[in-house]
Each structure stands twice: as structure tokens, then as C-alpha cells.
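The values are calculated or read from the model by the stated rules, or taken from the named source; none is laboratory data. These figures come from a predicted structure and were not determined experimentally. Every residue, glycine among them, receives a Cβ derived from its backbone with ideal geometry; neighbour counts consider all protein chains shown. The accessibility values were calculated without ligands, DNA or RNA, using every heavy atom of the protein model including side chains. Shrake-Rupley method; radii C 1.70, N 1.55, O 1.52, S 1.80 Å.
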Amino acid sequence: MSEVLFPTESGTVVLDGPVGPLEVALDLPEGDVAPLPVVAIVCHPLSTEGGSMHNKVVTMCARALRELGVTVVRFNFRGVGGSAGTFDHGQGEQEDLRAVAAWVRAQRPQAALWLAGFSFGAFVSLRVAGELQPHVLVSIAPPVDRGWDFDGVQPPAQWLVIQGDADEIVDAQAVYRWLDGLSAPHELVRMPDTSHFFHRKLIDLRGAIQHGVRRWLPGAGA
């Protein structure tokens, strides 16, 4: 995968993934913001329900981070868009994320790796967090009550969780109970009157992400 160079402009590349091509989009920081030595990989929601790297929550998450100077990598899990393969119930999708992370680390070895995910993407990124050890993890509406195995996840110390109180797909109370039962430190943002896809709340989501991670940016201090 190191043969594919990290783009110098925003755009898409194709990586050699575990089961064939992986479609990857690179979003460089906003032009008026000094780039930081951080690359964040953002994972999209459930493929079988139309999830892709173009999902509006995913792209808003990317925008929020880019506005802070973070370089963002989005990608399509296997079977979505230009990515080969078929849906693999989270197992193969973890392999996809590992492949993208390996490429990022090979191409940008001096940059801090951040992970972020929305819904199913939050599950996938949480499952590999212990292995990849990202500097920061952002979990948006983690689907803890939807049958996915969250046992034994190892989020980093700098972990931001954002959950809408009026989520019609993920039970917000189940998320809060799950977090209360973990020993892992976390920063929880509860968004009132907010549905799963953050309808009419995307700008609020952007603010929650930026406020939550700003202190973890390089040079931000304690």
C-alpha cells in the first residue's frame, strides 16, 4: 500500500485493500488554517443501510476536523462505492480500517493518528482502537444496543462520545448505561432533541466535535 503516495491535494485514491480495491478520500485542512501533524480516519455508518463515506454526518465530522487543521481520510468499507468485496458484519470492515491506517502511518509516520466513526463506523473504530492505539477517538452514536459486540473495547484515554438524546435508531439510554459501566475515561456530549442522523443539528455536531477535541490538538497544552 505504500506505493500509493499520500495526495498533496484533496481528492480520492484507490488502495490495495484486503479483498481488492479500497476507495479513499483525502480532505486537507481548510485553506486559512495552519495544517497540524494529525491525520484522522473517519468511518461511515452501516453499509447495508446505505452508509458511505459521503454520509452527511461523516462529512460534517470531516469538516469540523479540517477547520481545526486536521487532515482527514474517509473511505468506503468493502462493497460500498468503489471498494471491492461484500459486507462482512464488521469483521472484514475492521480489516479495511487496519489497511487504511497502515497506509496513513506509512505515508505520514510523524503524524498523530486519530480515529472517528459514526454509528456502525463507531463500532468498527472502537473494535480496533486497542490495536491501533489512536491518539484520539471520536465515537458518534455508537450502536451498543444493535447486536454488535462491544465487549473488551479499549478506547484511548482521549475519547469523545457524542450521542443524541432523541436517537430513533440507537437507544441513547443504553449508550449512557454502557459508558457508566466502563472504567475507560471518556468525554460525553449529550445533544438534546437530536435524532440519529442529526437532522437540523449538523452545525451543533460540528461545534461539539471542535469543542471536544480542541484541547487534544498538538500545541494546545494541558
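Residues of segment 29-48 that are over 23 Å from residue 143 (Cβ atoms) and surrounded by fewer than 16 Cβ atoms within 10 Å (Cβ to Cβ): 30, 31, 32, 33, 34, 35, 37. Among the conditions (1) under 16 Å from residue 202 (Cβ atoms); (2) of a type in the set (Asp, Glu); (3) touching a Gly at 6+ places or on another chain (Cβ under 8 Å), residue 96 misses just one, which is (1). Please tell me if residue 66 is closer than 18 Å to residue 136 by Cβ and open to solvent by 60 Å² or more (accessible area, probe 1.4 Å). So residue 66 does not fit the description; no. If the condition is being hydrophobic (A, V, I, L, M, F, W, C) and free of Cβ contacts under 8 Å to residues at least 24 places away in the same chain, then segment 99-141 contributes only 137.
The condition of being aliphatic (A, V, I, L, M) and either out of contact with any helix residue (DSSP H, G or I) (no Cβ under 7 Å at 6 or more places or on another chain) or over 23 Å from residue 182 (Cβ atoms) (or both) holds for only one of 128, 144, 104, 136, that being 104. Scanning segment 91-127 for residues that are of a type outside the set (Phe, Trp, Tyr), over 15 Å from residue 22 (Cβ atoms) and within 14 Å of the chain's Cα centre (by Cα) turns up 113, 115, 116, 117, 119, 122, 125, 126, 127. For segment 7-21, taking the residues that are open to solvent by less than 80 Å² (accessible area, probe 1.4 Å) and either assigned to a loop (DSSP other than H, G, I, E, B) or of a type outside the set (Gly, Ala, Ser) (or both), the one that is modelled with the lowest pLDDT is identified as 7. Of all residues in segment 50-92, those that are free of Cβ contacts under 8 Å to residues at least 12 places away in the same chain and part of a helix (DSSP H, G or I) total 1.
Exactly one residue out of 178, 148 is in contact (Cβ under 8 Å) with a residue 12 or more places away in the chain, crowded, with 17+ Cβ neighbours inside 10 Å and either closer than 18 Å to residue 41 by Cα or over 16 Å from the mean Cα position of the chain (by Cα) (or both): that is 148. For residue 88, the conditions (1) open to solvent by 50 Å² or more (accessible area, probe 1.4 Å); (2) within 22 Å of residue 21 (Cα to Cα); (3) touching a helix residue (DSSP H, G or I) at 6+ places or on another chain (Cβ under 6 Å); (4) of a type outside the set (S, T, N, Q) are fulfilled apart from (3). How many residues are more than 14 Å from residue 135 (Cα to Cα), touching a residue at least 24 places away in the same chain (Cβ under 8 Å) and among the basic types (Lys, Arg) when one looks only at segment 181-222? Summing the residues that are more than 14 Å from residue 135 (Cα to Cα), touching a residue at least 24 places away in the same chain (Cβ under 8 Å) and among the basic types (Lys, Arg) in segment 181-222 gives 3. When segment 69-81 is filtered for residues that are open to solvent by 20 Å² or more (accessible area, probe 1.4 Å) and under 15 Å from residue 101 (Cβ atoms), only 74 remains.
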